[in-house]
Amino acid sequence: MKHKKAHKNIKVLLSFLILAGLWSCERDDICASTTPTTPHLIIRFYNINASGETQTARHLSVIEEDSDTYLVYDKTIDSLVLPLRLDALDNLNTSRFVLTKDTDYDLDEDPNTVSNSDIIEINYTPELIYVSRACGYKSVFNDASATRETDPSNWIIGIEVINSTINNEDAAHINIYH
Amino acid sequence: MKMQRISIFTIKLIILMVLPLTSFAQEDPEIQEIQEIQEKNVNDTIIVKQKYGLRLGGDIGKLVRSFIDEDYKGFEISGDYRLTRKLYLAGELGIEERTIRNDYLDVTANGSYFKAGIDYNMYGNWLDMENLIYTGLRVGASTFSQNLNSYKIYTTDQYYPPFSSLDSQDFKGLSAIWIELVIGVKAEVLTNLFVGFDVQLKGMIAEDQPSNLENLYVPGFNRTFDSGRFGFGFGYNVSYLIPIFKKNKKIPVEN
């Protein structure tokens, strides 16, 4: 009888271990795309004349000032999702974007129509946050502020930070009025 | 010589596997009754000497891995003391250094640990043989440090060059405590020399986490999992029994 009991015990233990072994097959070494990592900056465009009404920016192109790759090219949209520069943690970092409206006007033959470029500057303090084994670290951006450079013909009339802590992509962080 | 040892070991392992089957066949209640009667009759029992003492050994698997895996260094010594026919007091003492790296993290865990508990031999041996198929319970504790060697911030956006850091950061004075369920075998391959294999299922009770990081590996506990507090380990041991005294074991004669 004792033997039988011992055998039962062994069987229970072995199945335990096999079950536990299967557990170890889970893929926690790949960063799942659903895991929130370093967030983008989300900007929404509003109509300056009608409060609370979004308004698309016509044929918009966006490029980071020092870069030569367009983030957005010739799209009529009412919101932007932009990556922020990260040069130093826990210090003030700056991203400058050139927002060009009416991109198509540069492409057509008509000399009377031209595009209009405005520069916006975003300042923020990146903070390092541990996510997981597979994803490692992400950065969030605190104390965000935004300005628009004044030029003789600005199409952007106002810029307002509505969420100064950029730690998710659930809602807009900055509103642009035009 | 080596071949001979291996063949002896193989034969013993086969015996270990086959033996439970033969003993199964004897579990008819009537036979058991007869056995009980026989046990009362001193003339019908064989008395064999069983060795009691301290068994000391080392983990060969960890030693070998230290040489072939550049991200691992470790060694473990183990010991057990026989309390009764089936019960052993058992423990392990070890050090481990393990580096875990991927594209975004490079962390080295370094520390020492000990485990203490019991082993229970579930195997009824033949005559004077003293092999073990055992299950055990341990409480393990570890003190360790985590060194963040480097990291690269994870981002889904490739627009800017990634931000990475090579500034090493050390988190010292961390500790952890866990329990283990052990199952293993130990076979006596030469007089007093044992070779064994065991697997461990672990459950973390408490651990210190480094700030803004987590324990990816805990010395003694092995790697951790995102899903919870469970862990696994295995060992491959060679040990030597230092006999201290002998005790009689009564075996009923079957015919």
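Read the figures in this text as sums done on the coordinates, not as results from a lab. Quick caveat, the model's predicted, so the values are computed rather than measured. FYI the Cβ positions are ideal-geometry reconstructions off the backbone, even for glycines, and counts take in every protein chain you see.
What the table below lists for this structure:
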quantity	calculated
Sites matching GluC sites (Glu not before Pro) across region A:127-178 that sit in DSSP coil, with at most 15 neighbouring C-beta atoms within 10 Å	A:Glu149, A:Glu169
Pairwise centroid distance, computed over Cα atoms, of region B:54-119 with region A:124-178, Å	49
Footprinting exposure proxy for B:Trp126, B:Trp178 (fewest neighbouring C-beta atoms within 10 Å first)	B:Trp126, B:Trp178
Net dipole in debye of region A:26-168 [+1 Lys, Arg Cβ; -1 Asp, Glu Cβ; about Cα centre; nearest 20]	580
FRET efficiency estimate (nearest 0.05) - Cβ-Cβ, A:Asp151 to A:Val81, R0 30 angstrom	0.75
Residue exposure sequence - B:Thr108, A:Thr34 - by fewest surrounding Cβ within 10 Å	A:Thr34, B:Thr108
Förster radius 51 Å - calculated FRET efficiency between A:Asn142 and B:Asp71 (Cβ-Cβ, nearest 0.05)	0.90
Average other protein chain Cβ within 10 Å of Cβ, residues B:161-168	2
For region B:87-98, Karplus couplings with θ = phi - 60° (6.51, -1.76, 1.60), whole Hz, Gly/Pro x	10, 10, 8, 9, x, 9, 9, x, 10, 8, 9, 9
Extension gain (nm, one decimal) between B:Ser175 and B:Lys86, 0.36 nm per residue minus Cα-Cα	28.8 nm
Theoretical gain in end-to-end length, B:Tyr240 to B:Ser168 [0.36 nm per residue, Cα-Cα removed]	21.7 nm
Cβ charges +1 (Lys, Arg) and -1 (Asp, Glu), total dipole of region B:128-232, debye	120
Partner aspartates and glutamates for B:Lys73 [C-alpha distance under 18 Å; skip if fewer than 8 residues away on the same chain]	B:Asp59, B:Glu92, B:Glu96, B:Glu97, B:Asp106
20 °C / 1.002 mPa s Stokes-Einstein diffusion coefficient of region A:36-159, Kirkwood radius on C-alpha pairs, µm²/s	133
